[in-house]
Amino acid sequence: MRRPLVAGNWKLHKTIAEAVALADELKEGIADVTDVDIVVAPVFTALAAVGKALEGSSIALAGQNCYPEAKGAFTGEVSPSLLKDAGCRYVIVGHSERRRIFTESDAFINLKVKAVTAEGLNAILCVGETLEERNDEKTFDILTDQIKNGLQGISAEMMRQVIIAYEPVWAIGTGRNATPAQAQEVHCFLRRLLGEICGANTADQLRILYGGSVKADNADELLSQRDIDGALVGGASLRAADFLPIVRHRLK
Ligand code: PGA
(Lines give C-alpha, C1' and ligand atoms only; values in the text may rest on other atoms or scores of the structure.)
Protein backbone atom coordinates (compact mmCIF):
# COMPACT_ATOMS: atom_id res chain seq x y z
CA MET A 1 0.00 0.00 0.00
CA ARG A 2 2.82 2.40 0.84
CA ARG A 3 5.24 2.81 -2.01
CA PRO A 4 8.83 2.21 -0.84
CA LEU A 5 11.25 5.12 -0.97
CA VAL A 6 15.02 4.85 -0.92
CA ALA A 7 16.96 8.09 -0.52
CA GLY A 8 20.69 8.64 -0.77
CA ASN A 9 22.09 11.40 1.41
CA TRP A 10 25.44 12.29 -0.13
CA LYS A 11 26.26 14.69 2.72
CA LEU A 12 29.42 16.75 2.18
CA HIS A 13 30.86 14.57 -0.58
CA LYS A 14 31.57 14.83 -4.29
CA THR A 15 32.52 17.54 -6.72
CA ILE A 16 30.01 18.45 -9.43
CA ALA A 17 31.76 16.10 -11.87
CA GLU A 18 31.77 13.23 -9.36
CA ALA A 19 28.13 13.78 -8.46
CA VAL A 20 27.10 13.82 -12.13
CA ALA A 21 29.08 10.62 -12.76
CA LEU A 22 27.25 8.87 -9.91
CA ALA A 23 23.90 10.21 -11.13
CA ASP A 24 24.63 8.82 -14.60
CA GLU A 25 25.44 5.40 -13.14
CA LEU A 26 22.31 5.38 -11.00
CA LYS A 27 20.12 6.47 -13.88
CA GLU A 28 21.34 3.55 -15.94
CA GLY A 29 21.19 1.13 -13.03
CA ILE A 30 17.56 1.80 -12.14
CA ALA A 31 16.13 2.13 -15.63
CA ASP A 32 13.94 -0.95 -15.08
CA VAL A 33 12.91 -0.16 -11.46
CA THR A 34 9.29 0.95 -11.31
CA ASP A 35 8.13 0.04 -7.83
CA VAL A 36 10.39 2.20 -5.66
CA ASP A 37 10.70 5.97 -5.33
CA ILE A 38 14.36 6.90 -5.53
CA VAL A 39 15.79 10.17 -4.24
CA VAL A 40 19.31 11.56 -4.11
CA ALA A 41 20.53 14.52 -2.09
CA PRO A 42 23.77 15.99 -3.44
CA VAL A 43 25.52 19.07 -2.04
CA PHE A 44 23.86 22.36 -3.06
CA THR A 45 26.54 23.23 -5.60
CA ALA A 46 25.88 20.00 -7.54
CA LEU A 47 22.07 20.12 -7.47
CA ALA A 48 21.44 21.74 -10.83
CA ALA A 49 23.99 19.61 -12.67
CA VAL A 50 22.74 16.38 -11.07
CA GLY A 51 19.16 17.42 -11.84
CA LYS A 52 20.10 17.84 -15.46
CA ALA A 53 21.89 14.48 -15.53
CA LEU A 54 18.80 12.81 -14.06
CA GLU A 55 16.40 14.27 -16.63
CA GLY A 56 14.31 11.51 -18.15
CA SER A 57 14.81 9.22 -15.15
CA SER A 58 12.52 8.59 -12.20
CA ILE A 59 15.19 9.57 -9.67
CA ALA A 60 14.15 12.68 -7.77
CA LEU A 61 16.39 15.35 -6.33
CA ALA A 62 16.51 16.46 -2.70
CA GLY A 63 18.14 19.29 -0.79
CA GLN A 64 19.99 18.24 2.36
CA ASN A 65 18.76 21.24 4.31
CA CYS A 66 17.08 24.61 3.86
CA TYR A 67 16.35 27.88 5.60
CA PRO A 68 12.67 28.56 6.35
CA GLU A 69 12.52 31.99 4.66
CA ALA A 70 11.97 32.61 0.97
CA LYS A 71 14.54 35.38 0.61
CA GLY A 72 16.31 38.13 2.49
CA ALA A 73 19.45 38.90 4.46
CA PHE A 74 20.31 35.33 5.47
CA THR A 75 23.90 34.94 4.36
CA GLY A 76 24.83 31.40 3.48
CA GLU A 77 21.32 29.98 3.49
CA VAL A 78 19.13 28.40 0.79
CA SER A 79 15.34 28.58 0.68
CA PRO A 80 12.86 25.86 -0.32
CA SER A 81 11.81 27.94 -3.35
CA LEU A 82 15.42 28.07 -4.59
CA LEU A 83 15.75 24.32 -4.04
CA LYS A 84 12.63 23.87 -6.13
CA ASP A 85 14.13 26.17 -8.74
CA ALA A 86 17.21 23.89 -8.81
CA GLY A 87 14.98 20.89 -9.50
CA CYS A 88 14.37 19.48 -6.01
CA ARG A 89 11.17 17.72 -5.04
CA TYR A 90 12.30 16.77 -1.54
CA VAL A 91 14.20 18.42 1.30
CA ILE A 92 15.81 16.57 4.21
CA VAL A 93 14.98 18.40 7.42
CA GLY A 94 16.31 17.94 10.95
CA HIS A 95 19.05 15.45 10.19
CA SER A 96 20.83 14.51 13.42
CA GLU A 97 24.04 16.08 12.13
CA ARG A 98 22.19 19.39 11.81
CA ARG A 99 20.63 18.97 15.24
CA ARG A 100 23.97 18.16 16.86
CA ILE A 101 26.62 20.14 14.93
CA PHE A 102 24.44 23.16 14.11
CA THR A 103 22.32 22.98 17.27
CA GLU A 104 19.02 23.04 15.38
CA SER A 105 16.01 22.90 17.69
CA ASP A 106 12.69 21.17 17.12
CA ALA A 107 11.06 24.61 16.84
CA PHE A 108 13.45 25.68 14.06
CA ILE A 109 13.03 22.34 12.30
CA ASN A 110 9.26 22.82 12.53
CA LEU A 111 9.59 26.12 10.62
CA LYS A 112 11.52 24.27 7.94
CA VAL A 113 8.87 21.54 7.61
CA LYS A 114 6.27 24.27 7.20
CA ALA A 115 8.33 26.20 4.65
CA VAL A 116 9.13 23.09 2.63
CA THR A 117 5.55 21.81 2.47
CA ALA A 118 4.18 25.32 1.78
CA GLU A 119 6.44 25.39 -1.28
CA GLY A 120 4.86 22.17 -2.51
CA LEU A 121 7.94 20.11 -1.75
CA ASN A 122 8.18 16.92 0.32
CA ALA A 123 9.91 17.16 3.68
CA ILE A 124 11.91 14.18 4.93
CA LEU A 125 11.84 14.85 8.67
CA CYS A 126 14.58 12.98 10.53
CA VAL A 127 14.18 11.90 14.14
CA GLY A 128 16.23 9.64 16.35
CA GLU A 129 17.66 9.07 19.80
CA THR A 130 21.30 9.03 20.91
CA LEU A 131 22.87 5.95 22.47
CA GLU A 132 22.75 7.58 25.88
CA GLU A 133 19.03 8.31 25.49
CA ARG A 134 18.39 4.73 24.42
CA ASN A 135 20.37 3.34 27.36
CA ASP A 136 18.39 5.61 29.69
CA GLU A 137 15.16 4.21 28.20
CA LYS A 138 14.22 7.64 26.90
CA THR A 139 13.89 6.63 23.24
CA PHE A 140 10.11 6.93 23.04
CA ASP A 141 10.02 10.22 24.99
CA ILE A 142 12.68 11.79 22.78
CA LEU A 143 10.92 10.65 19.61
CA THR A 144 7.57 11.88 20.88
CA ASP A 145 9.04 15.35 21.46
CA GLN A 146 10.80 15.43 18.11
CA ILE A 147 7.67 14.36 16.25
CA LYS A 148 5.15 16.48 18.15
CA ASN A 149 7.29 19.63 18.07
CA GLY A 150 8.61 19.06 14.58
CA LEU A 151 5.11 18.65 13.17
CA GLN A 152 3.41 21.35 15.25
CA GLY A 153 0.73 23.07 13.20
CA ILE A 154 1.09 20.79 10.16
CA SER A 155 -2.37 19.93 8.84
CA ALA A 156 -3.40 16.40 7.87
CA GLU A 157 -3.44 17.70 4.30
CA MET A 158 0.19 18.91 4.56
CA MET A 159 1.17 15.59 6.12
CA ARG A 160 0.83 14.04 2.67
CA GLN A 161 4.05 15.89 1.83
CA VAL A 162 5.86 14.63 4.91
CA ILE A 163 8.05 11.56 5.14
CA ILE A 164 9.55 10.53 8.46
CA ALA A 165 13.06 9.08 8.70
CA TYR A 166 13.86 7.24 11.90
CA GLU A 167 17.60 7.44 12.28
CA PRO A 168 18.99 6.30 15.63
CA VAL A 169 22.03 8.56 16.10
CA TRP A 170 24.12 5.62 17.33
CA ALA A 171 23.57 3.84 14.02
CA ILE A 172 24.56 6.69 11.70
CA GLY A 173 27.92 6.18 10.07
CA THR A 174 28.92 3.64 12.71
CA GLY A 175 28.37 0.42 10.78
CA ARG A 176 26.08 -0.62 13.61
CA ASN A 177 22.51 -0.69 12.30
CA ALA A 178 19.46 -1.13 14.48
CA THR A 179 18.28 -4.71 14.31
CA PRO A 180 15.15 -5.19 12.20
CA ALA A 181 13.20 -5.86 15.42
CA GLN A 182 14.53 -2.72 17.13
CA ALA A 183 13.70 -0.62 14.08
CA GLN A 184 10.25 -2.16 13.60
CA GLU A 185 9.42 -1.54 17.26
CA VAL A 186 10.16 2.16 16.84
CA HIS A 187 8.46 2.48 13.45
CA CYS A 188 5.33 0.88 14.85
CA PHE A 189 5.46 3.29 17.80
CA LEU A 190 5.93 6.25 15.45
CA ARG A 191 2.99 5.22 13.28
CA ARG A 192 0.75 4.99 16.32
CA LEU A 193 1.97 8.38 17.54
CA LEU A 194 1.41 9.90 14.11
CA GLY A 195 -2.08 8.42 14.16
CA GLU A 196 -2.79 10.38 17.33
CA ILE A 197 -1.53 13.56 15.69
CA CYS A 198 -3.03 13.37 12.23
CA GLY A 199 -5.49 10.49 12.27
CA ALA A 200 -5.04 6.79 11.62
CA ASN A 201 -5.79 7.04 7.89
CA THR A 202 -3.09 9.61 7.23
CA ALA A 203 -0.64 7.75 9.48
CA ASP A 204 -1.32 4.54 7.57
CA GLN A 205 -0.30 6.21 4.34
CA LEU A 206 2.71 8.01 5.74
CA ARG A 207 6.07 6.62 4.82
CA ILE A 208 8.55 6.02 7.61
CA LEU A 209 12.10 5.36 6.44
CA TYR A 210 14.84 3.75 8.46
CA GLY A 211 18.32 5.26 8.38
CA GLY A 212 21.59 4.34 10.04
CA SER A 213 24.19 2.03 8.47
CA VAL A 214 21.82 0.63 5.85
CA LYS A 215 23.86 -1.52 3.48
CA ALA A 216 23.19 -3.95 0.66
CA ASP A 217 23.46 -6.88 3.08
CA ASN A 218 20.97 -5.63 5.70
CA ALA A 219 18.48 -3.78 3.48
CA ASP A 220 16.27 -6.78 2.70
CA GLU A 221 15.78 -7.66 6.33
CA LEU A 222 15.21 -4.09 7.51
CA LEU A 223 12.93 -3.05 4.67
CA SER A 224 10.80 -6.18 4.90
CA GLN A 225 9.55 -5.08 8.32
CA ARG A 226 5.91 -4.13 8.32
CA ASP A 227 6.27 -0.46 9.22
CA ILE A 228 9.56 0.24 7.47
CA ASP A 229 8.78 1.85 4.13
CA GLY A 230 12.24 2.53 2.81
CA ALA A 231 15.67 3.79 3.75
CA LEU A 232 17.67 6.97 4.13
CA VAL A 233 21.18 5.92 3.19
CA GLY A 234 24.40 7.82 3.87
CA GLY A 235 27.71 6.03 3.33
CA ALA A 236 26.32 3.32 1.08
CA SER A 237 24.74 5.87 -1.26
CA LEU A 238 28.10 7.21 -2.45
CA ARG A 239 28.79 4.33 -4.86
CA ALA A 240 26.32 2.93 -7.36
CA ALA A 241 27.53 -0.60 -6.60
CA ASP A 242 26.49 -0.15 -2.96
CA PHE A 243 23.31 1.87 -3.48
CA LEU A 244 21.66 -0.02 -6.34
CA PRO A 245 21.24 -3.29 -4.40
CA ILE A 246 19.50 -1.30 -1.64
CA VAL A 247 17.13 0.23 -4.20
CA ARG A 248 16.51 -3.29 -5.44
CA HIS A 249 15.77 -4.70 -1.99
CA ARG A 250 13.27 -7.50 -1.98
CA LEU A 251 9.89 -5.82 -1.91
CA LYS A 252 7.45 -6.91 0.78
P1 PGA B 1 24.75 6.14 7.17
O2 PGA B 1 24.04 7.58 7.27
O3 PGA B 1 23.97 5.32 6.18
O4 PGA B 1 26.14 6.44 6.68
O5 PGA B 1 24.74 5.54 8.53
C6 PGA B 1 22.65 7.70 7.27
C7 PGA B 1 22.25 9.15 7.35
O8 PGA B 1 22.94 9.93 8.02
O9 PGA B 1 21.24 9.57 6.75
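Computed values, structure above
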quantity	calculated
10 Å beta-carbon shell around TYR210, net charge (K/R +1, D/E -1)	-3
Cα gyration tensor shape for the chain, rounded if a/c is under 1.5, else prolate or oblate	rounded
Accessible surface, per residue, of the chain when the full set of protein chains is kept, probe 1.4 Å, Å²	45
Under 5 Å, built H, 5+ apart or other chain: amide partners of VAL78	TYR67
Calculated [θ] (222 nm, deg cm²/dmol) that DSSP helices of n ≥ 4 give over the chain, each run adding -39,500 (n - 2.57)	-12000 deg cm²/dmol
Loop-resident sites, the stretch 1-74, for GluC sites (Glu not before Pro), counting at most 11 other Cβ within 10 Å (DSSP)	GLU55
Alpha carbon centroid spacing (whole Å) that separates the stretch 123-139 from the stretch 154-203	11
Over 27 Å (Cα to Cα) - which of LYS71/LYS114; LYS14/LYS52; LYS71/LYS215 fall in this group	LYS71/LYS215
Environment charge of GLY235, counting only residues whose C-beta is closer than 11 Å and scoring Lys/Arg +1, Asp/Glu -1	+2
Probe 1.4 Å - accessible area at ILE142, Å² to nearest ten	40
Zero-based 5 Å bins, Cα pair distances in the stretch 168-252, whole percents	3, 16, 25, 23, 16, 10, 5, 1, 0
Inter-probe distance in nm under a simple model that places probes 7 Å from Cα toward Cβ, at ASN135 and ARG226	3.2
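The values are calculated or read from the model by the stated rules, or taken from the named source; none is laboratory data. Source: prediction; values computed, not measured. Every residue, glycine among them, receives a Cβ derived from its backbone with ideal geometry; neighbour counts consider all protein chains shown. SASA here: full protein model, heavy atoms, side chains in, ligands and nucleic acids out. Shrake-Rupley method; radii C 1.70, N 1.55, O 1.52, S 1.80 Å.
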